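To start, the structure under review is shown below, and the notes come after it.
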Amino acid sequence: ASITRRTLEPKETIQDSCEGLKVLRVLVADDNIINQKVLGRLVERIGVAEVMIAGDGQEAVDMSSENEYDVIFMDVQMPIMDGLKASKIITSRASAPKVVFCTAHTSDDFESTCVSCGGVAFVSKPCTIGEVRVVLQKIASGLL
């Protein structure tokens, strides 16, 4: 399995791409409040109506056991439980959400680690609205 790395797509308006994304339920798991707000707002600007925030991996595990999410944007380095361990737990469940790792780590070795922990995509911080939109579109269309 391979992970999807940042890709550049032709520019389009946010409205052109958001119709199928409105119904997605997204969880952003990051311990940094600024990163939570930035990524949460990017996802909302793309057109996703339901975006929830988890402050660490354990909270993401707990929230995803109580609620159904389509996508979890997961930071890797977090207190209490890191994103890799949280992803392993979450993706081992039936009808698990797609986990997209959001991190500053970008080596090929690290990407293979993300795949082995259940990740389907990878975006480097700081991520752009275009990168997030492409990943969400691929997930919504069943390509990831």
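The values are calculated or read from the model by the stated rules, or taken from the named source; none is laboratory data. Here the structure is a predicted model, which is why all the values come from computation and not from measurement. Counting neighbours? That spans all protein chains shown, and the Cβs are built from the backbone with ideal geometry, glycine included. Areas reflect the complete protein model, heavy atoms only, side chains present, ligands, DNA and RNA absent. Shrake-Rupley method; radii C 1.70, N 1.55, O 1.52, S 1.80 Å.
Miscellaneous remarks
- Evaluating E9 against the criteria (1) modelled with pLDDT of 95 or more; (2) over 17 Å from K125 (Cα atoms) leaves one unmet condition, (1).
- Filter pass, S112 being modelled with pLDDT under 90, assigned to a helix (DSSP H, G or I) and either among the small types (G, A, S) or within 21 Å of A140 (Cα to Cα) (or both): yes
- Put simply, of G118, G142 the only residue that is without any contact (Cβ under 8 Å) to a residue 12 or more places away in the chain and either of a type in the set (V, I, T) or on the phi > 0 side of the Ramachandran plot (or both) is G142.
- Sole residue being at pLDDT 95 or above and under 13 Å from G119 (Cβ atoms), chosen from I33, I53, I72: I72
- Members of the range 121-133 found to be open to solvent by less than 10 Å² (accessible area, probe 1.4 Å) and in a helix (DSSP H, G or I), listed by number: V132
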